[in-house]
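Below is one structure, written out as structure tokens; the observations come after it.
The values are calculated or read from the model by the stated rules, or taken from the named source; none is laboratory data. Model, not experiment: these values are computed from the prediction. Neighbour counts are summed over all protein chains in view; Cβ atoms, including those assigned to glycine, are modelled from backbone coordinates with ideal geometry. Surface areas here come from the heavy atoms of the whole protein model, side chains and all, with no ligands, DNA or RNA. Shrake-Rupley method; radii C 1.70, N 1.55, O 1.52, S 1.80 Å.
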Amino acid sequence: MTQATGDLLTVENLNVEFDTYGGIVQAVRGVDFSVAAGETLAIVGESGCGKSVTVQSMMGLIPMPPGRITQGSARLRGQEILGQSRIDGREIRGAQIGMIFQDPMTALNPTMTIGDQIAEPLQVHKGMSRAEAAREAIRLLEVTRIPEAATRAKQYPFEFSGGMLQRAMIAMAIACKPEILIADEPTTALDVTIQAQILDLLQDLQRETGMAIVLITHDLGVVARMADSVAVMYAGKVVERGSVDDIFYRSAHPYTLGLKAAMPSNDPTLKQSLQPIEGSPPDLFSPPPGCGYAPRCPHAMKVCQQQQPPETSLSSTETNRPHGSHCWLHEADSPFKPAELHFIENDSAVEQGAAS
Amino acid sequence: MSDSTMKPNKPTPLVEARGLTRFFDVGRGRRVHAVDNVSLTVGEREIVGLVGESGSGKSTFGKTLLGLHDKTAGEVLFRGETLPAKYRSVDYQRLAGNMQMIFQDPYSSLNPRMTVGEIVAEGLRLHAGVSNAMARERVAEWLGRVGLQPDHMSRYPHEFSGGQRQRIGIARALILEPDFVVCDEPISALDVSVQAQVINLLGELKESMGLTLLFIAHDLSMVRYVSDRMAVMYLGSLVEIGRADALYFDPKHPYTEVLIGSNPEPDPELERSRPSTAIQGEIPSPVNVPAGCRFANRCPKVMEVCKTVTPQLIKLKDLDREVACHLYD
Ligand SMILES: Nc1ncnc2c1ncn2[C@@H]1O[C@H](COP(=O)(O)OP(=O)(O)OP(=O)(O)O)[C@@H](O)[C@H]1O
Ligand SMILES: Nc1ncnc2c1ncn2[C@@H]1O[C@H](COP(=O)(O)OP(=O)(O)O)[C@@H](O)[C@H]1O
Ligand code: SF4
Ligand code: SF4
Ligand SMILES: [Mg+2]
Ligand SMILES: [Mg+2]
């Protein structure tokens, strides 16, 4: 699929694997997506589908060994960043791309005050003096709405609540004014009231700075609230991507449809039960040769077990972002087109998706 | 719960907490008010959802109810019998078959060195008089009931996904056919698609065998699907109790409203149309709890009286609902 012009970050055919005792884990198997300046891309999918590994590859955070990027590219403003630590004379990690994690404690040093931890990279990357950096750290804590920032800057991570730690990590991540902020499940461990505060904060910061956000989550509610565009991942691949409206109102891939049906509904007139997706994601030691979703897919056909579905463009005129889905159901001229396809025609959910 | 016009044949109480209180001494004269004067009834064959933010006292309440913590004050009645304030080992032996707990984390709560068969049969073995052959048969039957295969018996927990491990934990607790089960967050570590599997499984087991369950969770939207009633907890106290759907769609307490409203919905148009759902502040420390309403420092509807007078749970007229808030005085 052709990329929308003006993309800030473009990832193509990314493949990452890990050596383990049990064999080679193919964690990421050909991921494509792009992010435009100032927009929020949500990457959504079940745990273990490769979301974190995808973004960690771009940040140079994959432990090698046992990890390996076997194929693919990630270009920031057209320049390759895989395997690079700096482009255009600036550090990629920290300066051009900032990152926050689900568990702030993995990124924070427990023996150093919060203020010093924010100030240190400012001295290194921006050449600020000690005093300047310390003042800037307090300002950043204020920006991320930590009350009594000057006092808090002198405290250690254990003195902060989970929500405060997440704010401190955001302060650190935006310190060098990155063009992209990668947020890997930033609110998964937080209560909903604190999640709402952090999501508001991210939106406000984006409005003020114009930075792009890549938000990893497995919560479709968070996607709906935050995203401009969405990449849905399953078993190491992007199975559907498009604008947030394409993904929610014109969903096409059976996995996207399944995820939506499994979400609790807030419509009091609908008293239907939850519709789980039966089974669990495939083992990435020996991923299936065909579509990764086939073992759980209610529409699986013979071809699905044998060959990987290509991406079909479903772009509508309603948005200028490309909408695509990897599923044999969309391939009118698939070599396996046979009568097998017919049984799905009564399925309203798929018809809705495919018709648009 | 007192009687209601909406539900005439209300279940007879199976488990009843009356003014149940559990404090923890944390040194220098400071006490954590983890559970403070909570009264809640779970009826025969009823599922009650207990929801609230992290640290609100849900797990402590569940454990105190089952005698896993000593009671600081208040009492627990089981089928009308008052249970001891502090369990001795004979009490555990006598009550373990009646009351069971399913724990939060499907990853750390199963012994990695035991096979699934051994894990599920563990409770049976402790109860004398069950032969090995009988135990195998029961385990096979229960693995089937929770949607696993009998031949999974010889495998180890690490070979299973989070949702499957949760099913193993459920089979382990239910194989003793307890009269009452406390499920502590059995789903929050799981993906939505799998959470729905577990919720539906509990719903089916309730239909087929009449489970009585206290279901502890953060998230009301999922819990309401299996709950008959829900109770909302904040900083050690119950703030609202009512029928699950009615409470979810028509919350009366400002905190319940905030909990439900701050959960974003999977609908981009709706989310674009509501600018912000966040309230200020965080849950206060349960050490030295503030006077007055415990939610006052964050409540969007706070009044002068809220800062000094602690609101009590009162029953709302014409509604099967109890609320602790001065708006309803
Ligand atoms: N053994 C203990 N000693 C001291 N304080 C404790 C102990 N156990 C729990 N607490 C405190 O009691 C309060 C209630 O804790 P509890 O674990 O019951 O909360 P919860 O509602 O289950 O939270 P979560 O949703 O995070 O599981 C918390 O402030 C907690 O820190
Ligand atoms: N360091 C590692 N060694 C081996 N396997 C790994 C490593 N990191 C991730 N994986 C595997 O890669 C797959 C994708 O993981 P991850 O990207 O963390 O998933 P998620 O979508 O939940 O973020 C999983 O099967 C995971 O077990
Ligand atoms: S390719 Fe086949 S198995 Fe995969 S999602 Fe489409 S119909 Fe289902
Ligand atoms: S009592 Fe007052 S502060 Fe507490 S919830 Fe009601 S209105 Fe809010
Ligand atoms: Mg991850
Ligand atoms: Mg708990």
Going by what's in this entry, would B:Glu75 be described as at pLDDT 95 or above and within 19 Å of B:Phe180 (Cα to Cα)?
yes
Count, please, the residues in the range B:230-250 that happen to be within 24 Å of B:Leu201 (Cα to Cα) and either within 15 Å of ligand 4 (Cβ to nearest atom) or open to solvent by less than 10 Å² (accessible area, probe 1.4 Å) (or both).
6
Working carefully through the options A:Ala95, A:Ala42, find the one that is open to solvent by less than 70 Å² (accessible area, probe 1.4 Å), under 29 Å from A:Met164 (Cβ atoms) and assigned to a strand (DSSP E or B).
A:Ala42
Considering the range B:100-121, residues that are open to solvent by less than 80 Å² (accessible area, probe 1.4 Å) and touching a Pro at 6+ places or on another chain (Cβ under 6 Å), and then whichever is nearest to ligand 1 (Cβ to nearest atom), we arrive at B:Ile102
Quick one: in the range A:191-214, of everything that is among the hydrophobic types (A, V, I, L, M, F, W, C) and within 12 Å of chain B (Cβ to nearest Cβ), which residue is surrounded by the fewest Cβ atoms within 10 Å (Cβ to Cβ)?
A:Leu201
What tally of residues in the range B:24-53 results from selecting those that are among the small types (Gly, Ala, Ser), touching a helix residue (DSSP H, G or I) at 6+ places or on another chain (Cβ under 8 Å) and outside any strand (DSSP E or B)?
1
Can you spot a residue in the range A:17-36 that is of a type in the set (Ser, Thr, Tyr), out of contact with any Asp or Glu (no Cβ under 7 Å at 6 or more places or on another chain) and assigned to a strand (DSSP E or B)?
yes
Of (1) without any contact (Cβ under 8 Å) to a residue 40 or more places away in the chain; (2) within 13 Å of ligand 6 (Cβ to nearest atom), B:Leu95 satisfies all except one. Which?
(2)
Can you tell me which residue in the range B:249-268 is farthest from the chain's Cα centre (by Cα), limited to those that are part of a helix (DSSP H, G or I) and closer than 24 Å to A:Met226 by Cβ?
B:Pro268
One residue is enough: does the range B:91-107 have a residue meeting the conditions among the charged types (D, E, K, R) and touching a His at 6+ places or on another chain (Cβ under 7 Å)?
no
Residue that is most open to solvent (accessible area, probe 1.4 Å), among those in the range A:290-316 that are more than 16 Å from A:Val238 (Cβ to Cβ) and under 25 Å from the mean Cα position of the chain (by Cα)
A:Pro295
Is it true that A:Thr113 is touching a Lys or Arg at 6+ places or on another chain (Cβ under 8 Å), in the same structural domain as A:Ile180 (by the TED database) and closer than 17 Å to A:Leu181 by Cα?
no
Can you tell me which residues in the range B:205-224 are charged (D, E, K, R) and at pLDDT 85 or above?
B:Lys206, B:Glu207, B:Arg224
